[in-house]
Amino acid sequence: MVALAGIADRSLAAPSPSARVESLLARMTVAEKIGQLTLYPDDVRPTPRPINPDINAQAEARERAAFQRSEIAAGRVGALLGGTGVALGRELQRLALSSRLGIPLMFGADIVHGLRTIFPIPLGLAASFDPSLAESTARAAAEEMTAVGVHWTYAPMIDVARDQRWGRVAEGSGEDPWLTAQFAAAYVRGFQGDDLRSATAVASCPKHFAGYSAAIGGMDYNSTDITPRELRQTYLPPFKAAFDAGALTVMAGFNDIDGVPASGNRELMTDILRGELGFAGFVVSDAGSVEELLPHGFASDPADAAAIGFDAGVDMNMGGGLYKTHLPGHLASGRVSMERLDAAVRAVLMVKERLGLFDDPFRSLDLERERTGIRTPAGLQLAEEAARRSVVLLKNESNVLPLKPGARVALIGPLGDDPAHMDGCWAPWAKVGEAVTLAAALRERLGERLTIAKGSEINAPIEGGIAAAVAAATQADVVVLAIGEGQDMSGEAKSRTEITVPAPQQALAEAIAALGKPVVAVLNCGRALALEGAVRDADAILVAWFLGSRGGPALADILIGTAAPSGRLPVSFPHRSGQQPFYYNHRSTGRPQQPGERPFFKARYLDAPNAALYPFGHGLGYSRIAYDPPVMDAAELRRGGSVTVSAVVRNTGARPVDEVAQLYIQDVTASITRPVRELKDIQRITLAPGEARSVRFAITEADLAFVSADLVRRAEAGLFRVWIAGSSAEGEPASFTLLA
Ligand code: BGC
């Protein structure tokens, strides 16, 4: 094990030992202990929409629900996955309580961005650049999920995603480790609340540990090649933040890292997770990820897989009972020790205790709350606010937005009026029809002034569709083009090689552009897209991600100007798909292409610029903003001290604006190559028209530290550049020196 790699500056205190847990452990049989390490997909209460391939293979051969009931009654199941519903939940809990030791079940589910009140996908929420908003939506989601019997959520997903081909970009907070870490902590605080025992708290399970998002080629489930240094620099900090915020469980990834699958990786799951990061809870596998050590070619048979995964540190098996079948033999042969088994069971029971399940096994199983706690007016209002704040305005030529009062509007495209494509990738409990579409919201606001034409399907042309759309657009003053990805085009197992608007919609956009009317493109997407032709050249572009239950009203208010856009891109929009992986905080090359230089033998493509089409951090409001160059209060920073950088931000437009001032730093010379810029902090300020205000950031040594070649995190003396700007690609730098 590498000596403390600098990420863990303080270890989490292990949960205090519990007399109740120890007394249970002393009385449990091996079968009961392994039962606690078994997580079955809930076959008594399956999810309305399937979320996983069938992983409960063991039960398949039998009557699945009946088998699960009998296993629960025998005290051989620790938790269930994906089930909701109070009446049956109470019945299952009663069965568990009737077992010999009466250990309650823990009900887990993937409530990633809402159960029935659907919030924007996490990538959208990240665009708010406001972690406190994610804390609020997670709190509201926890209130809703505890009303239907859920104790434990498989969220947040905090994999730093630098390749937009990877479909699970949608589930996370984008490409930046600092921003992802802020959101990670906020989600955990929101889900868990102040007290895990409270009726509305759920245990949070950050995922996927670790490096899963670095899938080679952006193809989900693919291998990863992450150096030990990069793992600690980029992929682990969000997990550290989540654990510091109190997360007591974590999910293992499907991926291998440099040849060792995460779910069988002792160095990762034990030395790094428990040692360096000080994690004191339990690790759950991903769905069948320990079973998958076989196809990985890392285990010779299922028994071998069980031993490797468990020994590596994966405490609970999400799947079909792999541990149940094989751990008893390993205990008998000595391949797995009783100490290891007890440690895993203790960690699981401690989480149940922390949730208050022993004292109140029927917590979160209240029929009255199930009746009144779903889709509450307050939750839906928050969903609308979150949706509004997730929208990013990329461009707004000639101030085409907000739409002029009285304008006749044609809403064209397959995504303006389709409630089945509003919710995004993790909404198996959402009911189609409950989300308010843009068409419905605009109709309410514009009445007769709105015409609607679909023009094309998401991935297929409609016969006569373009002609009908052109006819509708001809009658209008302005076209709103609602296009992009369907909600089944991002998320798990939804990788793409071309991250473009699907061809039939692109053809529709070209035909509409030919009319010469002002066009506003509203993009549904679960990732950054490479925009082309008429979509790229639209007069205005709004990124709408998947906004959830109240997406339509949020967008409509922004379009007509009763609200202003304020989101910022948490992922860089490239020029071309082939630029992936593409992220702003890449390391300095030896042959950078500087503006104005001859493009000879430089780090560049022949057929696309290096810069983003729209960079990380970019986002416009309905006013104009100008930054004065930043000013340092001192030229030198002493270790242990701080320097302050400030810049005046001006609203030079005619409307109030909500601006996100972003602090970026570059370590100019170091013992390893360093990123060209890194986000270190943000401040949100509201400026009235004509108002100017100074924003200030204090910088300390900790902000300058990085994981160096010896895997120790420290700041190196020397020159630093610093920007305060409206995006990762703007601004003039100031500089200072960190003294030795
Ligand atoms: C996903 C996890 C999810 C699990 C349970 C897996 O396929 O990778 O993110 O929590 O299924 O639904």
Legend entry - Rh by Kirkwood over Cα pairs, then Stokes-Einstein D for segment 614-704 at 0.890 mPa s and 25 °C, µm²/s: 167
Legend entry - Peptides ranked, highest mean first, by Cβ atoms within 10 Å: ranges 542-554, 582-594: 542-554, 582-594
Inset, instruction - Could you calculate the FRET efficiency of Glu463 with Glu434 from 1/(1 + (r/R0)^6), where r is the beta carbon distance between them and R0 is 45 Å, rounded to 0.05? - result: 0.90
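Please sort 46-52, 524-530 by packing, taking for each peptide the average over its residues of neighbouring beta carbons within 10 angstrom, highest first. Write out the running numbers ahead of the final one.
Numbers: 46-52: 14.7, 524-530: 27.6.
Put in order of decreasing packing, that is 524-530, 46-52.
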Legend entry - Global size of the chain as Cα Rg and Dmax, reported in angstrom: 26.2, 80
Legend entry - segment 495-568 and segment 98-176: distance between their alpha carbon centers, rounded to Å: 26
Legend entry - Sequence ranges 323-329, 284-290, ranked by mean other-Cβ count within 10 angstrom, highest first: 284-290, 323-329
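Would you please give the FRET efficiency between Asp225 and Lys404, computed as 1/(1 + (r/R0)^6) with r the Cβ-Cβ distance and R0 = 56 Å, to the nearest 0.05?
Efficiency, rounded to the nearest 0.05: 0.60.
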Inset, instruction - Just list whichever of Lys207/Lys680; Lys395/Lys454; Lys454/Lys494; Lys324/Lys352; Lys207/Lys602; Lys240/Lys494 have alpha carbons separated by over 30 Å in the model shown. - result: Lys207/Lys602
Inset, instruction - Report the charge-dipole magnitude of the chain in Debye, nearest 20, computed about the Cα centre from +1 at each Lys and Arg Cβ and -1 at each Asp and Glu Cβ. - result: 760
Legend entry - Accessible-area value, Tyr622, 1.4 Å probe, nucleic acids and ligands omitted, Å²: 30
Inset, instruction - For segment 394-438 and segment 293-370, write down the distance between their C-alpha centroids in whole Å. - result: 44
Inset, instruction - Could you do me a favour and compute the accessible area per residue for the chain, 1.4 Å probe, result in Å²? - result: 35
Legend entry - Angle between the chain longest axis and helix 322-333 axis [Cα atoms, degrees, rounded to 10]: 40
Legend entry - Between 0 and 90°, nearest 10: helix 302-312 axis offset from the chain longest Cα axis: 70
Inset, instruction - Please get the size of the charge dipole for segment 121-214, origin at its Cα centre, with Cβ charges of +1 on Lys and Arg and -1 on Asp and Glu, quoted in debye to the nearest 20. - result: 220
Inset, instruction - Return the sequence-ordered ³J(HN,Hα) values of segment 363-368 in whole Hz as given by the Karplus equation 6.51 cos²θ - 1.76 cosθ + 1.60 applied to θ = phi - 60°, using x for Gly and Pro. - result: 4, 6, 10, 10, 4, 5
Inset, instruction - Treating the angle as unsigned and between 0 and 90°, give the value, to the nearest 10°, between the Cα long axis of helix 177-192 and the longest Cα principal axis of the chain. - result: 50
Inset, instruction - Sort Thr652, Thr737 from largest to smallest accessible area, using a 1.4 Å probe on the heavy atoms of the protein chains. - result: Thr652, Thr737
Inset, instruction - Using amide H atoms built 1.01 Å from N in the peptide plane, name the residues 5+ places from Ala203, or on other chains, whose amide H lies under 5 Å from its own. - result: Trp152, Thr153
Inset, instruction - Would you mind calculating the gained length between Arg650 and Phe601 on full extension (0.36 nm times residue separation, minus the Cα-Cα distance), in nm to one decimal? - result: 13.6 nm
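Based only on Cα atoms, what Rg/Rh ratio does segment 406-557 have, Rh being taken as Kirkwood's radius? Write out the running numbers ahead of the final one.
On the way: Rg = 14.3 Å, Rh = 15.2 Å.
In segment 406-557, Rg relative to Rh is 0.94.
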Inset, instruction - In square nanometres and to one decimal, what's the mean projected area of the convex hull around the Cα atoms of segment 366-445? - result: 7.4
Inset, instruction - Can you send over the carbon and sulfur percentage of the accessible area for the chain, probe radius 1.4 Å, protein chains only? - result: 53
Legend entry - Potential lengthening between Asp301 and Phe358 on full extension [0.36 nm per residue; Cα-Cα distance subtracted]: 16.8 nm
Inset, instruction - Give the residue from Phe129, Gln68, Gly83 lying farthest towards the positive end of the charge dipole for segment 58-190; charges sit on Cβ (+1 for Lys and Arg, -1 for Asp and Glu) and the dipole is referred to the Cα centre. - result: Gln68
Inset, instruction - Find how much the distance from Ser198 to Thr673 grows on full extension, using 0.36 nm per residue of separation minus their present alpha carbon separation; answer in nm with one decimal. - result: 166.3 nm
Legend entry - Neighbour cut-off at most 13 other Cβ (10 Å), DSSP loop, trypsin sites (Lys or Arg not before Pro), segment 638-678: Arg638, Arg639
Legend entry - Residues whose placed amide H lies under 5 Å from that of Ser364, excluding near-sequence neighbours: none
Inset, instruction - Could you tell me which of Gly193, Ala170, Thr153 has its Cα farthest along the dipole of segment 148-216 towards the positive end, charges placed at Cβ (Lys, Arg +1; Asp, Glu -1), taken about the Cα centre? - result: Thr153
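The values are calculated or read from the model by the stated rules, or taken from the named source; none is laboratory data. Remember, predicted model here, so these are calculated numbers, not experimental data. Counting neighbours? That spans all protein chains shown, and the Cβs are built from the backbone with ideal geometry, glycine included. Keep in mind that these areas ignore ligands, DNA and RNA; they rest on the heavy atoms of the full protein, side chains included. Shrake-Rupley method; radii C 1.70, N 1.55, O 1.52, S 1.80 Å.
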